[in-house]
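Right, one structure below, let's go through it.
The values are calculated or read from the model by the stated rules, or taken from the named source; none is laboratory data. Because the structure is predicted, anything quoted here is derived from the model rather than measured. Cβ sites come from the backbone with ideal geometry, for glycine too, and all protein chains shown count toward neighbours. Surface areas here come from the heavy atoms of the whole protein model, side chains and all, with no ligands, DNA or RNA. Shrake-Rupley method; radii C 1.70, N 1.55, O 1.52, S 1.80 Å.
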Amino acid sequence: MLEGIDPSVLIGSVAAVVVLLALIGFAVMAHINRQQTTHDRQQIVKLRRKRFADYAAAKQEYQRLRKKIETGNTVLIDLIHDLGDDFVGRDSAQQQIAFDEAFEAVASIRQANARANIIVVLHTLGGYARPAHMIAMALKQHLKKIKGHHNGRREPRIKAYIPYVAMSGGTMIALAADKVVMDPTASLGPIDTIYGGFPSDAYKALLEQKGVLATQDVLVMLAHEAEKYDQYALKVAREIVNPAHKPHGKPQDNSLADHLASGRLSHSQAISPKEAKDLGMNVSAKVPEAIYGLVDARIRMINTRLEYEGPEGADDEGEGGGRASGGHTRRSGDPGEEAKQRLDHQIRQSLRGLVRM
């Protein structure tokens, strides 16, 4: 004890010093936090301005290349989809072949005059079967406008360009073209159907292994519907395959359609340009730079668009979009329950006739 100092005064002084130091510490931390918040906000603004500039540049390039490709008597149909992992297509891009996109494509093809060349640019993993069929059938109808004999191998009027990937329904559309032009690394895929979230051929195998009585009623019902749709899908596939992809002098040869729609291949199996050529398709590997540029510019637009960023990317300041709208947040919860909900959703879609390819 210090001589001549009241202990209570000493304790009070120490307490006051501690409180003062705590207040100073809180003030310093608050100041640091404010500085960090200001810095983070500034960085976000810079990032948003950069992304806005990148998006604007990509959009300008995309529009420029569209005009360059769609010159003279050429009609351009581009099915360039958002292949990201989120469940919301960015920049209004489709994530799959769907009806609204098909209606626009079919209208453009229908309105083209008989002498028009059609360029179809595909960057898709597929989607619903019926819209893909609609586009493919519209391409076939366009070729019927041509007067006289048309040799698609020598004088292709419809070309399908695939810089990266055109699986499933995308392959179905490509088969309707006179010529398919692929990058050496690009891929096509089988055109068998996915019904209720599963390959239609899987239902037949399930019933054969387990028997009808040992299988859930809903799966038995889906199996019957899948079998009927398989017959329809095979009929459509045979109808849309362009004669340029069949052996010379054998317009009735359906081996290509039967092979791709058979279900013997994995639905996600990639078919290279060489394999496509070996199957008899009219394929070349000389994709024009303008086609690469068009797809790459559209992909950059999709990847830099701000309006579909998640909540963490929202900010009131900066150019190009204000707060994010339509951001997707993944749901958390029981994975088993989520898987069940997805299966139920797929089954409901199948019963409504929304069959995927």
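Below, the figures for the structure above:
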read-out	value
Farthest positive-ward along segment 62-178 dipole, Cα basis, beta-carbon charges - from ASN73, MET137, ALA160	ASN73
Calculated P(r) of segment 64-175 - Cα pairs past 23 Å, %	27
Principal semi-axes in Å for segment 63-127 [√(5λ), Cα gyration tensor, largest first]	24, 14, 9
When segment 121-224 is reduced to its Cα atoms, the Kirkwood hydrodynamic radius in Å	15.8
Charge sum, other residues only, whose C-beta stays under 12 Å from GLN141's C-beta, Lys/Arg counted +1 and Asp/Glu -1	+3
Counting all C-alpha pairs of segment 168-314, share separated by more than 22 Å (%)	54
Where labels lie 7 Å past Cα in the beta-carbon direction, separation of LYS274 and ASN254 in nm	3.2
Accessible surface of segment 58-110 [probe 1.4 Å, protein heavy atoms]: carbon and sulfur percent	46
Pairwise Cα inverse-distance average, inverted: Kirkwood Rh of segment 208-285 (Å)	14.8
Residue-span extension gain [VAL88 to ALA56] - 0.36 nm each, minus C-alpha spacing	9.4 nm
Sparse-neighbourhood loop sites, trypsin sites (Lys or Arg not before Pro) in segment 134-167 - DSSP loop, at most 16 other Cβ within 10 angstrom	LYS145, LYS147, ARG153, ARG154
Test item: Cα-centred dipole of segment 222-298, Lys/Arg +1 and Asp/Glu -1 on Cβ, debye	200
Calculated Rg and Dmax of segment 1-124 using C-alpha coordinates, Å	32.9, 112
Within segment 238-297, trypsin sites (Lys or Arg not before Pro) in DSSP loop having at most 10 other beta-carbon neighbours inside 10 Å	LYS286
Gained length - GLN141 relative to HIS224, 0.36 nm times residue gap less alpha-carbon distance	26.7 nm
Gain on full stretching of the segment that runs from TYR232 to ALA205 - 0.36 nm per residue minus C-alpha separation	7.8 nm
Label-point gap, in nm, between GLN35 and HIS149 - each point 7 angstrom along Cα→Cβ	8.4
Rounded to the nearest 20 debye, dipole of segment 51-187 from Cβ charges on Lys, Arg, Asp, Glu	940
Under Karplus coefficients 6.51, -1.76 and 1.60, residue-wise ³J(HN,Hα) of segment 151-168 in Hz, glycine/proline x	9, x, 6, 7, 10, x, 9, 10, 10, 10, 9, 10, x, 10, 7, 8, 8, 6
List THR124, THR304, THR185, ordered by accessible area with a 1.4 Å probe, largest first	THR185, THR304, THR124
